[in-house]
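What follows is a short report on a single structure.
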Amino acid sequence: MSTIADLMTHDHRACDHDFAHAETLAAQGDWAGAAEALDAFSRALNAHFNAEEQQLFPAFEAATGMTQGPTQVMRGEHVDMRAGLERLRAALEAHDADDFAGEAETLLIMMQQHNMKEENILYPMCDARLGHARDELCTQLSHSLAAEHTS
Amino acid sequence: MSSANPGLAYEDTPPLSAPLRFFLTAPLFGLCAGLVLLLGDGVLSSRWTPGALAAVHLFAAGFMLQVMIGALQQILPVVAGVRFPAALGVAGSSHALLTLGAMGLAGGLAFGRPDAIIGGAVLLLGGIGIFLVAALAGLIRSPSVKIASHAPRDLRLAMAGLAVTAVLGVALALAIGRGVVLPLPLPQAVDLHATWGWLGWGGILLAATSWVVVPMFQITPGYPARFTRWWGPGVLAGLVSWSLARALGADGASSVLGVTLVLGFAAFALLTLRLQSRTRRSTPDAPFRAFRMAMLAILAGLAALSCNLADDAEHWSVLAGVLILHGGFGGAISAMLYKIVPFLAWLHLTQAGIRAPNMKKLLPDTPVRRQLALHLAVLAALVLGVFADSIARIAGLLMITEFGWLLLNMLRVLHNLKRARHT
């Protein structure tokens, strides 16, 4: 059975690939393709956030009693990244290549500093603290994340 | 700030001014190294000229160390859950000591002032010591969890390499300035200090950072787990063994270990280039290309170092130093600064509830691309300058421009940050 850290880290990378696909098409000026790819990235990212907010974080909070702890911080960063995604979408709708590149760069760094914290600190804490509930949660998370990635 | 949030909250990262002071001071040392090349006589004719010693320390203990310490104070909370106690105090005191120390040491080496050499070395040791003790205190309080990434462990190994480099440096300063007798000949002690510096500290730090930065920010496949598991400890063990062999005068063993270390570092650079060639990002920007050029410069530097193992002509070691320090570390550090500083400015504005301009509005591509192109021109001039003093002076002039421009680009970010704050 894989760990929560393995499963969620793998999904981070899959989201990165969706992001890169959208970025590539926008850089090529293929706005229709980029819009489709951005939708796919958006679905994958939101599926990941939702799985965390509705399944992983509540389980961690229940196991540790920490409701104002790391999960609260991560929820706040999800809000920032959803806003970043909307700015990216606005640049795409305006067919503004420079703005899209700048917003994409900003969102990528925002995502990766968030991912670093989750992969190095929060997910290992989840694996350590969730005990025997971990395997069942992994299965549920796998189902929630499945089939969201296109590339 | 709850102890339940080890390193996770934005608040756990130090205020903008903490790392920024290092990032803005660093280019001034690169600029001074250029001045030494411009004004000194035959600076690159040998690694032992006062000018070469001063320039190397301005670059390594000035430019490189400032950025590396500043960046570690930013990245350790995120990667290893380290919360620095009194982050601003640690940043302020270590920055002041490192700045004065590097100035004193380089000035002492350039002008042959033993007191300045010793004073500078001791101040540097003090600055490094404050940073390392604070990092250690933070590490002890960080959560003990099992993770797949070897980056946090290798960051710790690099810090051990820094401590060894600093202690060896002070011992050398005392030997040169006070005539303290070392247990091994001076040139060998200098070799140990230099190798622990560029490989034990700089090399392991660059690799540990790359384990994270290359796959995540450049969207490449990850480094193979078996490689990252063994590389850092292997290099450190190799360095310890090589140092012992050198100290005990076991020439055969030290040569074999030296070649092994060179091959080990080359493997890291080659693997990084291979992974980068498989990036999913279709439009590699100037910092990405600069990072790749840095890896190529490291490979060329290692080739020069290998030649130096077989042939002790002066130019090989100078060439290796130029390629590894300026081409390798200088290029990689500049590339990372161009990502770190705009993001920190963006984060600072966002945390203050201000609608932040995106990264490329805070720092447009064009000046970055041009400054990094100049970096390559400087490297080419430095390589030629090893063989012709007149070109070394031109390299110095270009280097002054390179680092002045780097500083201006950093200041441009701050200017845009201030403008965003007031609109």
- Query: Hey, among A:A32, A:A51, which residue is buried (at least 21 other Cβ atoms within 10 Å of the Cβ) and either of a type outside the set (D, E, K, R) or in a helix (DSSP H, G or I) (or both)?
  - Reply: A:A51
- Task: Starting from residues that are at the interface with chain A (Cβ under 8 Å from one of its Cβ atoms) and under 27 Å from the mean Cα position of the chain (by Cα), keep the ones in the stretch B:342-358 and report whichever is surrounded by the fewest Cβ atoms within 10 Å (Cβ to Cβ).
- Result: B:F343
- Item | Number of the exception - A:G102 against (1) assigned to a helix (DSSP H, G or I); (2) within 9 Å of chain B (Cβ to nearest Cβ); (3) more than 30 Å from A:W31 (Cβ to Cβ) | (3)
- Query: Across the stretch B:265-291, what is the total count of residues that are more than 14 Å from every other protein chain (Cβ to nearest Cβ) and buried (at least 20 other Cβ atoms within 10 Å of the Cβ)?
  - Reply: 6
- Within the stretch A:23-73, residues in contact with a His (Cβ under 7 Å, 6 or more places away or on another chain), more than 19 Å from A:N115 (Cα to Cα) and among the small types (G, A, S) come out as A:A37
- Message: Exactly one condition in (1) modelled with pLDDT under 95; (2) assigned to a helix (DSSP H, G or I); (3) more than 9 Å from chain B (Cβ to nearest Cβ) is false for A:T67; which is it?
- Response: (2)
- Mind checking which residues of the stretch B:365-390 are part of a helix (DSSP H, G or I) and crowded, with 19+ Cβ neighbours inside 10 Å? B:V368, B:Q371, B:L372, B:H375, B:V378, B:L379, B:A381, B:L382, B:V383, B:G385
- Item | Residue ID - nearest to B:R274 (Cα to Cα), chosen from residues in the stretch B:224-264 that are of a type outside the set (A, V, I, L, M, F, W, C) and not in a helix (DSSP H, G or I) | B:P224
- Inspect all residues belonging to the stretch B:289-307 and state whether any of them is more than 26 Å from B:L65 (Cα to Cα) and at pLDDT below 95. yes
- Task: From the list B:A332, B:A300, B:A356, pick out the single residue that is of a type in the set (G, A, S), farther than 24 Å from B:V413 by Cα and touching a helix residue (DSSP H, G or I) at 6+ places or on another chain (Cβ under 8 Å).
- Result: B:A300
- Message: So, B:L184, is that one more than 14 Å from chain A (Cβ to nearest Cβ) and at pLDDT below 95 or not?
- Response: yes
- Message: Need pairs with beta-carbon distance below 7 Å; first residue modelled with pLDDT of 65 or more and in a loop (DSSP other than H, G, I, E, B) and within the stretch A:137-151, second surrounded by 14 or more Cβ atoms within 10 Å (Cβ to Cβ) and of a type outside the set (A, V, I, L, M, F, W, C); sequence gap 6+ or separate chains.
- Response: none
- Item | Scope the stretch A:109-124; condition more than 7 Å from chain B (Cβ to nearest Cβ) and either under 22 Å from B:Q351 (Cβ atoms) or not in a helix (DSSP H, G or I) (or both); matching residues | A:M110, A:M111, A:H114, A:E118
- Taking the options B:D154, B:D115, name whichever one is surrounded by fewer than 22 Cβ atoms within 10 Å (Cβ to Cβ) and of a type in the set (D, E). B:D115
- Query: Quick one: in the stretch B:123-151, which of the residues that are under 25 Å from B:R229 (Cβ atoms) and away from every other protein chain (no Cβ under 14 Å) is surrounded by the fewest Cβ atoms within 10 Å (Cβ to Cβ)?
  - Reply: B:I140
- How many residues are facing chain B (nearest Cβ under 9 Å) and either touching a residue at least 24 places away in the same chain (Cβ under 8 Å) or in contact with a His (Cβ under 9 Å, 6 or more places away or on another chain) (or both) when one looks only at the stretch A:1-19? 7
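The values are calculated or read from the model by the stated rules, or taken from the named source; none is laboratory data. Treat the numbers as computed from the prediction; the structure is a model and nothing was measured. Cβ sites come from the backbone with ideal geometry, for glycine too, and all protein chains shown count toward neighbours.
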